[in-house]
Amino acid sequence: MFCHASPRLERMAGLTLLVAIIASLLILVLPIGGALAAYVAALVWYPDFLRVSLGTIDFSVGRIVILVLFVRCLTDNRLLKAFHWSRLDTYVTLCMAIQVGIYCLTRPSMAALENRGGFVMDTWFIYITFRMAMTEKAALISFIRWIGVILVPLAFLGVMESVTRWRPFVPLRVFRPWDTPVEAATGVESLRWGLARAVGPFSHPIMFGACFLTFLPLVWALRHDRGQWRHWAYFCAPILLIGALSSMSSNSWIMAMAVLFCLVMEKFKPWVKPVLILIVLGCALLQVVSTRPFYHVLASRANIVGGVWWQRVVLIDEAVKDFDKWWLLGYGGRDPEWAIRLSGGHTDVNNEYILAGVEYGMAGIIGLCLVLAAAFHGLVLRYRQTNDELLHSIYWAFGTILVGTMAVWMGVSYFGQPRLLFHAILGILGSLLTFADVGRVPQRHRQLDADPAAAPVY
């Protein structure tokens, strides 16, 4: 397996295997909620760029561990019996089929199949495994409790990196197996407000900050839990927020603002619709009175801690201008050459929506939007079907995660651990929509568990 590797690479591959084995053993022996948390712990505490290479295929700790978790689910009849296919499953599978099919149509076949194999393991495979594993409310609560325990030390690490500028995981980037230039200082050397950009075991500070904000709403929902865990939410949530801010990334800070706004609005639910209408009207008014597009104005004002936000908004302009070049099948892996027109160099498509169009055409954007719409639709229905206070807050938390993710996607496209974590969250959300334990739900709603599409229109 390591015949062409240096002794240092062999040792690092051995460490990666050891971490994967330990995480796999935990997954096999822990209750399902703790097992899913063990998978997340392996993702957030061990760099995704450290791989075990088998020929031309690279296996990360996450890929190895998710295989073990999938096997556990397949061998557990209780989990299999509780699994019911839902509309969200259909849209997620359709989106993955678009992203695999168009990619293979526009690239050399063997290289495309190898690439998409890893892509499916890091997206749909994680989604469906978490969908199968999470079948009851008790397991979900246990999972959320463990997440706080896992992320609090990581937040302290972020603060330490930001203040001291010592980053223990950055030197490990020299062990990345792919043939790209090693940029050990990427996003690290720059200082903002005198603080370094914390990166932790992640590949970029933005990804580091997004990790905390992905789970912050769920941890905050524990304030409605019983016993001492409700106090844990008040202690843990602010620490996770500080961990996110330690990335010193404007994208993470904007995601934090979106998440905090949604969490505050949980106390003022009747105001949600009027506020959304005001936001839309405000954007329309800004477009009319401003001499430039409204999103140019918003981006310039939202750039709190610095960063190249001009490039983000120009991406939108260039994508609109070249719509006829990418709408059908994308660019087929070619550079759109937007950066060459503007300032030279490679085009960094740091916008998830535009990247979906560049890679897969309009079908990719539509597929992504369908997944988000189905997730929101299911959450709204389930929210109305229960009067359980904790479940209400959890539903709101998942909606907040979606809003925060949609906001940060305007300035970055996910890669590494956040992409895996998003699909894990999406899988849990899909399971939440089909839980048998629905709290105090009227009997007429129980038939909607497997198919939210059958719900009446409110």
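Once the Cα gyration tensor of the chain is found, what semi-axes does its equivalent ellipsoid get, as square roots of 5 times the eigenvalues, in whole Å, sorted largest first?
For the chain, the ellipsoid semi-axes come out as 31, 29, 24 Å.
Looking at the stretch 61-184, I'd like the Rg to Rh ratio, where Rg is from alpha-carbon atoms and Rh is Kirkwood's inverse mean 1/r. Walk me through the numbers on the way to the answer.
On the way: Rg = 19.1 Å, Rh = 18.1 Å.
Rg/Rh: 1.05.
Based on the Cα coordinates of the stretch 96-254, what is the per residue volume of their convex hull in Å³?
Details: hull volume 24.1 nm³, N = 159.
Given the Cα convex hull of the stretch 96-254, per-residue volume reads 152 Å³.
Using 17 Å as the cut-off for backbone N distance, which residues of the stretch 359-392 belong to the label zone defined by a point 7 Å from the Cα of Leu105 along Cα→Cβ?
Those under the cut-off are 359-368.
Work out, step by step, the length gained on full extension between Val174 and Arg223: first 0.36 nm times the residue separation, then minus their alpha carbon distance; give nm to one decimal. Numbers along the way, then the final one.
Working: separation 49, 0.36 × 49 = 17.64 nm, distance 4.23 nm.
Here the answer is 13.4 nm.
Helix hunt in the chain: which complete DSSP H runs extend at least 30 Å axially by C-alpha with mean Kyte-Doolittle at least -0.5?
7-29, 137-164, 352-385
How do Ser250, Ser60 line up, fewest other C-beta atoms within 10 Å first?
On the way: Ser250 22, Ser60 25.
Listed from fewest to most nearby Cβ atoms, that is Ser250, Ser60.
Hey, could you pull the Cα Rg and Dmax for the stretch 208-253, both in Å?
Using the Cα atoms of the stretch 208-253, the pair Rg, Dmax is 11.4, 37 Å.
If you take the beta carbon distance between Leu278 and Asp317 as r and set R0 to 35 Å, what does 1/(1 + (r/R0)^6) give as a FRET efficiency, to the nearest 0.05?
Numbers: r = 26 Å, r/R0 = 0.75.
About 0.85, to the nearest 0.05.
Mind checking the alpha-carbon convex hull of the stretch 1-132 and giving the volume per residue in Å³? It would help to have the intermediate numbers written out before the result.
On the way: hull volume 15.8 nm³, N = 132.
Considering the Cα atoms of the stretch 1-132, their hull volume per residue is 120 Å³.
Taking Cα atoms of the stretch 391-436, Rg/Rh with Kirkwood Rh, to two decimals?
Working: Rg = 11.7 Å, Rh = 11.4 Å.
So for the stretch 391-436, dividing Rg by the Kirkwood Rh gives 1.02.
Provide the gained length on full extension for the span Leu80 to Val29, in nm with one decimal, where the gain is 0.36 nm per separating residue minus the Cα-Cα distance. Don't skip to the answer; put the middle values down first.
Values: separation 51, 0.36 × 51 = 18.36 nm, distance 1.84 nm.
Contour length minus Cα-Cα distance gives 16.5 nm.
Over the alpha-carbon set of the stretch 1-64, divide Rg by the Kirkwood Rh and report the Rg/Rh ratio to two decimals. Display every interim value, and only then the final one.
Numbers: Rg = 12.6 Å, Rh = 12.3 Å.
Using only Cα positions, Rg/Rh for the stretch 1-64 is 1.03.
When the helices in the chain are scored as -39500 (n - 2.57) per DSSP H run of 4 or longer and the sum is shared across all residues, what 222 nm value do you end up with, to the nearest 500 deg cm²/dmol?
That comes out to -21500 deg cm²/dmol.
Distance between the C-alpha centers of the stretch 368-441 and the stretch 4-49? Whole Å please.
First find each Cα centre; the distance between them is then 27 Å.
At q = 0.17, 0.18, 0.25, 0.28 Å⁻¹, what is the log10 ratio I(q)/I(0) for the stretch 335-384, with the Debye formula run over Cα points and no solvent?
Summing over Cα pairs of the stretch 335-384 leads to -0.62, -0.65, -0.88, -0.96.
When only alpha-carbon atoms count, how far does the stretch 208-341 stretch along each of its three principal axes, as whole angstroms with the largest first?
In descending order, the Cα extents are 59, 35, 31 Å.
Values quoted throughout were computed directly from the atomic coordinates according to the rules given, and no laboratory measurement underlies them. What you see is a predicted model; the values in this text were computed from it and never measured. Note that we place each Cβ from the backbone using ideal geometry, even for glycine, and neighbour counts take in every protein chain shown.
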